[in-house]
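Peer 1: This is the structure, below, for whatever I ask next.
The values are calculated or read from the model by the stated rules, or taken from the named source; none is laboratory data. In this text the structure is predicted, and so the values were computed from the model without any measurement. With ideal geometry, Cβ positions are generated from the backbone for all residues, glycine too; neighbour counts draw on all protein chains shown. Heads up: the accessible areas ignore ligands, DNA and RNA and are worked out on the full protein's heavy atoms, side chains in. Shrake-Rupley method; radii C 1.70, N 1.55, O 1.52, S 1.80 Å.
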Amino acid sequence: MNNSHFFVTGDPMILGADISIIVASLGILFVLTYFKLWGWLWREWLTTVDHKKIGIMYVIAALLMLFRGGVDAILMRIQLAYPNMHFLEAEHYNEIFTTHGTIMILFMAMPLIFAMMNIAIPLQIGARDVAYPFLNAISFWLFFMGAMLLNLSFVIGGSPNAGWVGYPPLSELALNPGPGENFYILSIQISGIGSLATGINFLITILKMRAPGMKLMDMPLFTWSILATSIIIIAAFPVLTIVMALLFLDRFGGGHFFTMTGGGDPMMYVNLFWIWGHPEVYIVVLPAFGIFSEVVSVFSKKRTFGYTSMVVSLMLIAFYSYFTWVHHFFTMGAGADVNTFFAVSTMLIAIPTGVKIFNWLLTMYKGRVKMTEPMLWTLGFIPCFLVGGATGVMLAVAPADYQYHNNYFLIAHFHQVLIGGTVFGMFAGLTYWWPKMFGFKLNLTLGKWAFWCWNIGWYVCFMPQYALGFMGMTRRIYTYGWDRGWAPYNLVSTIGAFIMAIGFLFQVWQIVYSIKYGERDTTGDPWDAHTLEWSIPSPAPYYNFARVPDVTGVGKDAWWEAKKENEKDAYRELVKEEPLEPIHYPKNSGIPFFMGVFFFIAGFGFTFHWIWMGVIGLAGVGLCLITRSFQYDTDYYIPVEEIRATEARLGREL
């Protein structure tokens, strides 16, 4: 291949990005070498199977992806700020809205969810680890290498440009012969394997590894939300894998699954994509519901109102999520009966969602509400999600949807749901569990600045887009004329996007500032919280619990109940006074990292139709699997002396 086609050239912005990537990479290499950190990086992070460290790596990766996707959004808003702009050319605009959507959904929202799962779930249920720690590490590295593969397309080969949904025929070889769509397909395939494995891992963890005495109906609501999410992942992600495989066969092997001229049906792709795609909305929003439930309860000093109805609502949403996908394309023309079924099923799902809103409000009612940063993000979520839910019901009305379809009303709606729901939820979770991750609290003043910038910016950015939708502005157009009357709304919307970007900068400042000046958590329970993760020191020791808690007969909110029983030494209420025993623990392994690298090599090779490289990559994956199969020295026992010394260092005498 000619190098002028291999490397993306000719665009000053991409040249600037190239230089930035090279400078940043050289800087990282210099720091690691100068401070002799290569061994530390390998031992402590690249080979770790500790779910908490894997959670932190998910957080870092997700925030980097939020930055990348956010820059894409800013570039799009600059382009649309005024009519007849030529800040971006049409092709570049197509690429940016494609990578923006793909990154934000699959490489920002998903890893943030997985981060919260890894950080909190084993601790909440009193487990020392996840069910399959080695598989958990593989999941992370497959996600990470998939994300890197997609991002590489920015500077090598060219980015995908058929939208984040990749609809045929635009994504087929005839209309899209470059490597961009191959990057899209293979990056999703690689990370999708990791996502499916994570769903299986956490389903088994929750069902089989709860502390003695913790019944299903005693579990924290965040754990319930992850149980529901894991079920959806296991059922939905195989569909995405299949549809991407079929599209790849069309492009790589000359198949015609989705090409009309070859007897295929592009609408089959659309159906299969959304059979995954709409449950995906709930995959990224249900964990946020679980986080809000924890936060509202803790900072209102009350039990969650209507616990049972919350559990039923979560499971009903998981069930209904499979029966709503056609509302994404009522305009397909499936007929009145089909559209009616999916319109009603879409409206039905609003009922269990609404139940939770009432429960959170009633939990706060007559509670002693404390305005911490997690609580602020929760309160910001409620009105935002209410409007998003109401406009979702409007979109569920099939005849009206013919007017809204693919215009800016839809854009505003799903950003309202995904930013107001998922992003605000993850920010609430990050700030809530931050002390448990790192042992210090984030600065509240800077957090408030970030919160208000995000909230004000959100409404300034997206509320005008509802009006633009009513005025007929369709999505994915890259310029428009003055005669449309859209200019003032687009300018205001762009200003809002910049305000949100300022909010992100405040968050970066908050983290950097708090690392040096943040209030250290010496109690392990800085929020006076309710669940088991707060019964151990902060940051949590690598084995989690020196003694596994026994919550038999305690019921819900075991840590809170223990504090009521024995305020001075609640920990003793949860554990049996038995001698400490060595803890069985998995050894670190480099195989998950190498497996991710080999998947990346295979993906890169198939992207450019270099079969030899693809085969080498897959052979490497096979070699990793065989090597692991013949490894027998994979675990060890942590000695009692080491456990006692670790606990003493964290301020707890056993």
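Peer 1: Filter the stretch 531-562 down to residues that are charged (D, E, K, R) and under 26 Å from Lys302 (Cβ atoms) and give me whichever is least open to solvent (accessible area, probe 1.4 Å).
Peer 2: If we take residues in the stretch 531-562 being charged (D, E, K, R) and under 26 Å from Lys302 (Cβ atoms), then Glu533 is least open to solvent (accessible area, probe 1.4 Å).
Peer 1: Can you name the number of the only condition in (1) more than 24 Å from Phe593 (Cβ to Cβ); (2) surrounded by fewer than 21 Cβ atoms within 10 Å (Cβ to Cβ); (3) touching a residue at least 24 places away in the same chain (Cβ under 8 Å) that Ile56 fails?
Peer 2: Going through the list (1) more than 24 Å from Phe593 (Cβ to Cβ); (2) surrounded by fewer than 21 Cβ atoms within 10 Å (Cβ to Cβ); (3) touching a residue at least 24 places away in the same chain (Cβ under 8 Å), Ile56 breaks only (1).
Peer 1: Looking at the stretch 214-225, which of its residues are open to solvent by less than 50 Å² (accessible area, probe 1.4 Å) and either closer than 18 Å to Ala109 by Cβ or not β-branched (Val, Ile, Thr) (or both)?
Peer 2: Across the stretch 214-225, the qualifying residues are Met214, Asp218, Met219, Pro220, Leu221, Phe222, Trp224, Ser225.
Peer 1: On to the next question. Which one of these is more than 16 Å from the chain's Cα centre (by Cα) and buried (at least 18 other Cβ atoms within 10 Å of the Cβ): Ala211, Ala197, Ala228?
Peer 2: Criteria check complete, one pass: Ala211.
Peer 1: Looking at the stretch 369-378, which of the residues that are surrounded by fewer than 22 Cβ atoms within 10 Å (Cβ to Cβ) and over 9 Å from Val296 (Cα atoms) is farthest from the chain's Cα centre (by Cα)?
Peer 2: Once the filter is applied, the top-ranked residue is Lys370.
Peer 1: Pairs only if they're at least six apart or on different chains, beta carbon under 8 angstrom, first in the stretch 202-214 and more than 16 Å from Leu532 (Cα to Cα) and at pLDDT 95 or above, second open to solvent by 50 Å² or more (accessible area, probe 1.4 Å) and of a type in the set (Ser, Thr, Tyr); list them, first residue then second.
Peer 2: Filtered contacts from the stretch 202-214: Ile204/Tyr132.
Peer 1: Under 6 Å by Cβ, and 6 or more places apart or on different chains, what pairs join a residue from the stretch 638-654 that is surrounded by 11 or more Cβ atoms within 10 Å (Cβ to Cβ) with one that is among the charged types (D, E, K, R) and not in a loop (DSSP other than H, G, I, E, B)?
Peer 2: Leu654/Arg644; Leu654/Glu647
Peer 1: Can you tell me which residue within the stretch 379-391, out of those that are of a type in the set (A, V, I, L, M) and touching a residue at least 12 places away in the same chain (Cβ under 8 Å), is most open to solvent (accessible area, probe 1.4 Å)?
Peer 2: Leu386
Peer 1: Name the residues in the stretch 392-414 that are open to solvent by less than 10 Å² (accessible area, probe 1.4 Å), part of a helix (DSSP H, G or I) and of a type outside the set (Phe, Trp, Tyr), would you?
Peer 2: Ala396, Asp401, Ala412
Peer 1: Does the stretch 80-89 include one or more residues that are more than 20 Å from Gly10 (Cβ to Cβ) and open to solvent by 40 Å² or more (accessible area, probe 1.4 Å)?
Peer 2: Checking the stretch 80-89: at least one residue is more than 20 Å from Gly10 (Cβ to Cβ) and open to solvent by 40 Å² or more (accessible area, probe 1.4 Å).
Peer 1: What is the residue count in the stretch 231-241 for residues that are over 16 Å from Glu181 (Cα atoms) and open to solvent by 10 Å² or more (accessible area, probe 1.4 Å)?
Peer 2: 5
Peer 1: Go over the candidates Met110, Met104 one by one and state the one that is of a type outside the set (Lys, Arg), at pLDDT 95 or above, farther than 25 Å from Ala558 by Cβ and open to solvent by 10 Å² or more (accessible area, probe 1.4 Å).
Peer 2: Sole residue among the options that is of a type outside the set (Lys, Arg), at pLDDT 95 or above, farther than 25 Å from Ala558 by Cβ and open to solvent by 10 Å² or more (accessible area, probe 1.4 Å): Met104.
Peer 1: Do we have Phe273 as assigned to a helix (DSSP H, G or I), within 30 Å of Arg251 (Cα to Cα) and of a type in the set (A, V, I, L, M, F, W, C) here?
Peer 2: Criteria met by Phe273.
Peer 1: Tell me, yes or no, whether the stretch 249-263 has at least one residue that is over 27 Å from Thr331 (Cβ atoms), among the aromatic types (Phe, Trp, Tyr) and touching a Gly at 6+ places or on another chain (Cβ under 8 Å).
Peer 2: No, the stretch 249-263 has no match at all.
Peer 1: Sticking with this structure for a sec: Residue check: is Thr522 at pLDDT below 95 and either open to solvent by less than 50 Å² (accessible area, probe 1.4 Å) or more than 26 Å from Thr98 (Cα to Cα) (or both)?
Peer 2: Here the answer is yes, as Thr522 does meet what is asked.
Peer 1: Show the residue pairs that are 6+ apart or on different chains and have beta-carbon atoms under 9 Å apart, the first residue being within the stretch 414-430 and under 24 Å from Leu442 (Cα atoms), the second being among the hydroxyl-bearing types (Ser, Thr, Tyr).
Peer 2: Filtered contacts from the stretch 414-430: Phe424/Thr378; Gly425/Thr378; Ala428/Thr378.
Peer 1: Filter the stretch 471-487 down to the residues that are open to solvent by less than 60 Å² (accessible area, probe 1.4 Å) and in a helix (DSSP H, G or I) and list them by number.
Peer 2: Answer for the stretch 471-487, where residues must be open to solvent by less than 60 Å² (accessible area, probe 1.4 Å) and in a helix (DSSP H, G or I): just Ala487.
Peer 1: Let me ask something additional. Counting only residues that are of a type in the set (Ser, Thr, Tyr) and open to solvent by less than 40 Å² (accessible area, probe 1.4 Å), which one in the stretch 255-311 is farthest from Pro374 (Cα to Cα)?
Peer 2: Thr259
Matching residues to (1) assigned to a loop (DSSP other than H, G, I, E, B); (2) modelled with pLDDT of 95 or more; (3) open to solvent by less than 80 Å² (accessible area, probe 1.4 Å):
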{"position": "Tyr489", "(1), (2), (3)": "no, yes, no"}
{"position": "Ala497", "(1), (2), (3)": "no, yes, yes"}
{"position": "Gln510", "(1), (2), (3)": "no, yes, yes"}
{"position": "Tyr513", "(1), (2), (3)": "no, yes, no"}
{"position": "Ala529", "(1), (2), (3)": "yes, yes, yes"}
{"position": "Glu573", "(1), (2), (3)": "no, no, no"}
{"position": "Glu577", "(1), (2), (3)": "yes, no, no"}
{"position": "Glu581", "(1), (2), (3)": "yes, no, no"}
{"position": "Phe594", "(1), (2), (3)": "no, yes, no"}
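Peer 1: Output the number of the condition that Ser321 fails; it satisfies all remaining conditions of (1) in contact with a Phe, Trp or Tyr (Cβ under 6 Å, 6 or more places away or on another chain); (2) more than 24 Å from Leu376 (Cα to Cα); (3) at pLDDT 95 or above.
Peer 2: Exception for Ser321: condition (3).
Peer 1: Restricting attention to the stretch 603-616, which residues are free of Cβ contacts under 8 Å to residues at least 40 places away in the same chain and part of a helix (DSSP H, G or I)?
Peer 2: Gly605, Ile611, Trp612, Met613, Gly614, Val615, Ile616
Peer 1: Scan the stretch 509-524 residue by residue and report those that are under 28 Å from the mean Cα position of the chain (by Cα) and either under 30 Å from Glu653 (Cα atoms) or touching a residue at least 40 places away in the same chain (Cβ under 8 Å) (or both).
Peer 2: Across the stretch 509-524, the qualifying residues are Trp509, Gln510, Ile511, Tyr513, Ser514, Ile515, Lys516, Gly518, Glu519, Arg520, Asp521, Gly524.
Peer 1: Looking at Leu505, Leu446, Leu468, which one is assigned to a helix (DSSP H, G or I), more than 27 Å from Asp569 (Cα to Cα), open to solvent by 40 Å² or more (accessible area, probe 1.4 Å) and hydrophobic (A, V, I, L, M, F, W, C)?
Peer 2: Leu505
Peer 1: Show the residue pairs that are 6+ apart or on different chains and have beta-carbon atoms under 7 Å apart, the first residue being within the stretch 37-52 and aromatic (Phe, Trp, Tyr), the second being at pLDDT 95 or above and open to solvent by 40 Å² or more (accessible area, probe 1.4 Å).
Peer 2: Trp45/Lys53
Peer 1: Additional query: Name the residues in the stretch 1-51 that are among the polar types (S, T, N, Q) and part of a helix (DSSP H, G or I), would you?
Peer 2: Asn3, Ser4, Ser20, Ser25, Thr33
Peer 1: Can you say whether Leu316 is open to solvent by 10 Å² or more (accessible area, probe 1.4 Å), assigned to a helix (DSSP H, G or I), under 30 Å from Ile456 (Cβ atoms) and without any contact (Cβ under 8 Å) to a residue 60 or more places away in the chain, as far as the supplied structure shows?
Peer 2: no
Peer 1: Hey, another quick one. Consider only pairs whose beta carbons are under 9 Å apart and that are at least six residues apart or on different chains; among these, list those whose first residue lies in the stretch 532-546 and is without any contact (Cβ under 8 Å) to a residue 40 or more places away in the chain and whose second residue is among the β-branched types (Val, Ile, Thr) and surrounded by 23 or more Cβ atoms within 10 Å (Cβ to Cβ).
Peer 2: Pairs that qualify, where the first residue is without any contact (Cβ under 8 Å) to a residue 40 or more places away in the chain and the partner is among the β-branched types (Val, Ile, Thr) and surrounded by 23 or more Cβ atoms within 10 Å (Cβ to Cβ): there are none.
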